[in-house]
Structures are given as structure tokens and as C-alpha cells.
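Rule-based calculations on the coordinates, nothing more; no lab input. As the structure is a prediction and not an experimental result, all values here were calculated from the model. With ideal geometry, Cβ positions are generated from the backbone for all residues, glycine too; neighbour counts draw on all protein chains shown.
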Amino acid sequence: MRQGLRENHGIARIELVAVGSFGWQVRLQFRGQKVSRFFADRTHGGAEAALMVARAWRDAQWQSWQVTTMPRVCETSSRNASGVVGVSRVVVKASNGVEYHFWQATWCPAPGQRQSVKFSIKKHGNEIAYRLAIEARRSGIDNSR
């Protein structure tokens, strides 16, 4: 089972008395891919047995998705203004109205973790802060492999 996954994550009990349908419905989504499967009590020898089969199927599905090694963001999108994946220009507005401008680098050192670092444009200048952010992202990705 995936670390942090609740015991019945993605599993719901379905009891449609009018049509005589009783069982467990598994619905999962990972990176835009959706899967769904129904486990009928009658087919699996009762509610408990159907639940065990539903959990096993769910866990196997999660396991197959976890072996995917391709990073979530692989190329720049049309929304990327910096030209470098994981590097963005950030403006933070303080409560007193003062704006602070940064170049920020973001990366994932491990699944479920996110790391970022900001470089002040005021302190370093726009070009140097941008280059520092690019280098920080490359270094962060290299160190997490």
C-alpha cells in the first residue's frame, strides 16, 4: 500500500437495493489517468471478501503507477515565462505595500517533498538572480538523484 494511503482510500460501499447491487467501488486518479472497478459481494463471496479483493486491486494499481520514473513536468509549457522548467519570477507584496521581486527555483528532492529557493533581484540584479535560480534548480535536482 502507498505510504500515507488510508485503509479504504478510493474505495466506496455501493448498496443499490432497488436493483440488487451490493459491493465496493474503487475509483483512483493519478497524473490525470483515472481507473474505476466494481467488486460485487455476490461474485467475491460476501462483503468482507469483496473488500479485501478491492483493496488488493487498488494497492496493485497504485504500485504500478509508482514505478513511473518520468518526472511530472518534463518540458516547458506555454505558461512558462522564464524559459526554464521550475524557475519563475515572483513578486511578493508586503502588508505595507512594498513589493519584493525574486527569481525562484523549485524542485522535488523526493516524492511528496518540495524545495525552493529565492534570489532577490534588488540584491543581485535581474540577470544574476535569474542565473542563480537556474543553477540552484540544476544543483537541487542533481543532489536528489
*asked:* Suppose every Lys and Arg Cβ carries +1 and every Asp and Glu Cβ carries -1, with no other charges. What dipole size does segment 11-66 come out with about its Cα centre, to the nearest 20 debye?
replied: 260
*asked:* If you fit an axis through the alpha-carbon atoms of helix 126-143 and take the longest principal axis of the Cα set of the chain, what angle between them do you get, 0 to 90°, nearest 10?
replied: 40
*If you take the square roots of the eigenvalues of the alpha-carbon gyration tensor of segment 11-66 and sort them as a ≥ b ≥ c, do you get rounded (a/c under 1.5), prolate (a/b over b/c) or oblate?*
oblate
*asked:* Counting just the Cα atoms, what span does the chain cover along each of its three principal axes? Round to the nearest Å and put the largest first.
replied: 69, 38, 27
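Under unit Cβ charges (Lys, Arg +1; Asp, Glu -1), what dipole magnitude, rounded to 20 debye, does the chain have relative to its Cα centre? Working shown, then result.
Details: 22 positive and 10 negative charges, 75 e Å.
The calculation lands at about 360 debye.
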*Helix-derived mean residue ellipticity, 222 nm - over the chain, DSSP H n ≥ 4, -39500 (n - 2.57), to 500*: -9500 deg cm²/dmol
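In whole Å, what three semi-axes, largest first, describe the equivalent ellipsoid of segment 87-143 built from its Cα gyration tensor (square root of 5 times each eigenvalue)?
23, 15, 6
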